[in-house]
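One structure below.
The values are calculated or read from the model by the stated rules, or taken from the named source; none is laboratory data. These numbers were taken from a predicted model, which means no experiment stands behind them. Note: ideal-geometry Cβ built from the backbone for every residue, glycine included; neighbour counts use all protein chains shown. What goes into the accessible areas is simple: the full protein's heavy atoms, side chains included, and nothing from ligands, DNA or RNA. Shrake-Rupley method; radii C 1.70, N 1.55, O 1.52, S 1.80 Å.
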Amino acid sequence: MTTETTTTATAKIPAPATPYQRDIAQYWNNEARPVNLRLGDVDGLYHHHYGIGAVDHAALGDPAHSEYEKKLIAELHRLESAQAEFLLDHLGTVQPGDTLVDAGCGRGGSMVMAHRRFGCKVEGVTLSATQADFGNRRARELRIDDHVRSRVCNMLDTPFDKGSVTASWNNESTMYVDLHDLFAEHSRFLKVGGRYVTITGCWNPRYGQPSKWVSQINAHFECNIHSRREYLRAMADNRLVPQTIVDLTPDTLPYWELRATSSLVTGIEKAFIESYRDGSFQYVLIAADRV
Ligand SMILES: C[S@@+](CC[C@H](N)C(=O)[O-])C[C@H]1O[C@@H](n2cnc3c(N)ncnc32)[C@H](O)[C@@H]1O
Ligand SMILES: CC(C)=CCC/C(C)=C/COP(=O)(O)OP(=O)(O)O
Ligand SMILES: [Mg+2]
């Protein structure tokens, strides 16, 4: 699919497979929102996903206190890291000699966490050269670049050998691709008996069609949110059998309600809060066995 390459100071960048992927690469190359960078600065784990769990109001203290905003940022970051830990909890048994794949790895925060937990290799793919450079720089700073590597690569067309990967995941990155193409690729590189996990936002088929809030989220991020039904159908068609499905919607609402009160709001908070409350949108984890 990718025939041409561009050479930069650090690496050969494959040409985007489609004009859409070129636009998405550009979007993430230019992204520098304080809500992501200031949260990442708390402990050096940079995430591009949302949070789960109860807000620790005792840790936040008095909103009138001069340190409150700093504590609020640390609390939002704690909830985002808790989300990544929850995803890693579902990867199954992983040995230090194993390889994991983070499909749509962003700045690589989840990859560092996975390596710290399992001691294994973690390979990340992103469309964005800026993100891959960022993740590789962090891995070098942490002296784990022999185990944790990001590259610019289309997650639908990866270089990983057939049956070579113990577990793989998409953390809030499935809404940029066709699910049949995506699960066919995971199924190809996963070992039989391997594990696939996603945490994602999906529209609820019980609502009928994507609500106006879901359409707003799509426009905001230039993405295409799929329905819950579509996930299960595309998995079934690609030898991925769901083992665990968790509706995380009630667990992510406190994160959004807290974020909406912060100085780092981006304007998309209302769409998430309203769609989670009216039931048109759900935040879910799906863990599936490669059979
Ligand atoms: C919202 S971010 C999630 C980042 C990361 N999973 C995390 O939890 O921090 C979406 C990511 O998906 C990546 N992405 C979107 N389409 C992709 C594709 N076709 N191939 C590889 N990465 C893709 C983007 O480059 C970006 O890194
Ligand atoms: C659950 C859904 C539908 C997610 C869409 C994908 C996405 C952009 C996730 C968060 O990225 P981010 O951390 O860069 O976003 P923000 O700047 O809003 O924190
Ligand atoms: Mg964010």
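Quick look at the numbers
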quantity	calculated
Within the stretch 167-206, tally of residues that are over 26 Å from Glu222 (Cα atoms) and either crowded, with 23+ Cβ neighbours inside 10 Å or within 17 Å of the chain's Cα centre (by Cα) (or both)	4
Looking only at the stretch 248-289, and only at residues there that are more than 16 Å from ligand 3 (Cβ to nearest atom) and acidic (Asp, Glu), the one that is nearest to Tyr68 (Cα to Cα)	Asp251
Failed item in (1) of a type in the set (A, V, I, L, M); (2) open to solvent by less than 10 Å² (accessible area, probe 1.4 Å); (3) within 16 Å of ligand 2 (Cβ to nearest atom); (4) more than 21 Å from Leu285 (Cα to Cα), with Ala139 passing the rest	(3)
Residues of the stretch 180-217 that turn out to be out of contact with any Leu (no Cβ under 9 Å at 6 or more places or on another chain) and away from ligand 2 (no atom under 14 Å from the Cβ), as a count	13
Hits in the stretch 97-122 (condition: more than 16 Å from ligand 2 (Cβ to nearest atom), without any contact (Cβ under 8 Å) to a residue 60 or more places away in the chain and within 14 Å of the chain's Cα centre (by Cα))	Ala114
One residue from Ala58, Ala103 being modelled with pLDDT of 95 or more and touching a strand residue (DSSP E or B) at 6+ places or on another chain (Cβ under 6 Å)	Ala103
Qualifying positions in the stretch 10-67 - in a loop (DSSP other than H, G, I, E, B), more than 16 Å from ligand 3 (Cβ to nearest atom) and among the β-branched types (Val, Ile, Thr)	Thr10, Thr18, Val55
Subset of the stretch 146-160 that is out of contact with any Lys or Arg (no Cβ under 9 Å at 6 or more places or on another chain) and part of a loop (DSSP other than H, G, I, E, B) - its residue that is farthest from ligand 1 (Cβ to nearest atom)	Asp157
When residues of the stretch 275-284 are limited to those that are open to solvent by 10 Å² or more (accessible area, probe 1.4 Å) and touching a residue at least 40 places away in the same chain (Cβ under 8 Å), the one nearest to the chain's Cα centre (by Cα)	Gln282
Test: Leu127 is more than 16 Å from ligand 3 (Cβ to nearest atom), farther than 19 Å from His49 by Cα and in contact with a helix residue (DSSP H, G or I) (Cβ under 7 Å, 6 or more places away or on another chain)	no
The stretch 120-136 - residue that is open to solvent by 30 Å² or more (accessible area, probe 1.4 Å) and not hydroxyl-bearing (Ser, Thr, Tyr) and, of those, farthest from ligand 1 (Cβ to nearest atom)	Lys121
Filter result (closer than 24 Å to Ala114 by Cβ and open to solvent by 50 Å² or more (accessible area, probe 1.4 Å)) within the stretch 38-80	Arg38, Asp41, Val42, Asp43, Arg78
Breaking point among (1) more than 16 Å from ligand 1 (Cβ to nearest atom); (2) outside any helix (DSSP H, G or I); (3) open to solvent by 50 Å² or more (accessible area, probe 1.4 Å); (4) at pLDDT 95 or above, for Thr3	(4)
Positions within the stretch 91-126 being among the basic types (Lys, Arg) and not in a strand (DSSP E or B), in sequence order	Arg107, Arg116, Arg117
Leading residue by the ranking (farthest from Leu190 (Cα to Cα)) among those in the stretch 220-247 that are among the hydrophobic types (A, V, I, L, M, F, W, C) and within 16 Å of ligand 3 (Cβ to nearest atom)	Phe221
Count of the stretch 28-54 residues which are away from ligand 1 (no atom under 12 Å from the Cβ) and either on the phi > 0 side of the Ramachandran plot or among the aromatic types (Phe, Trp, Tyr) (or both)	2
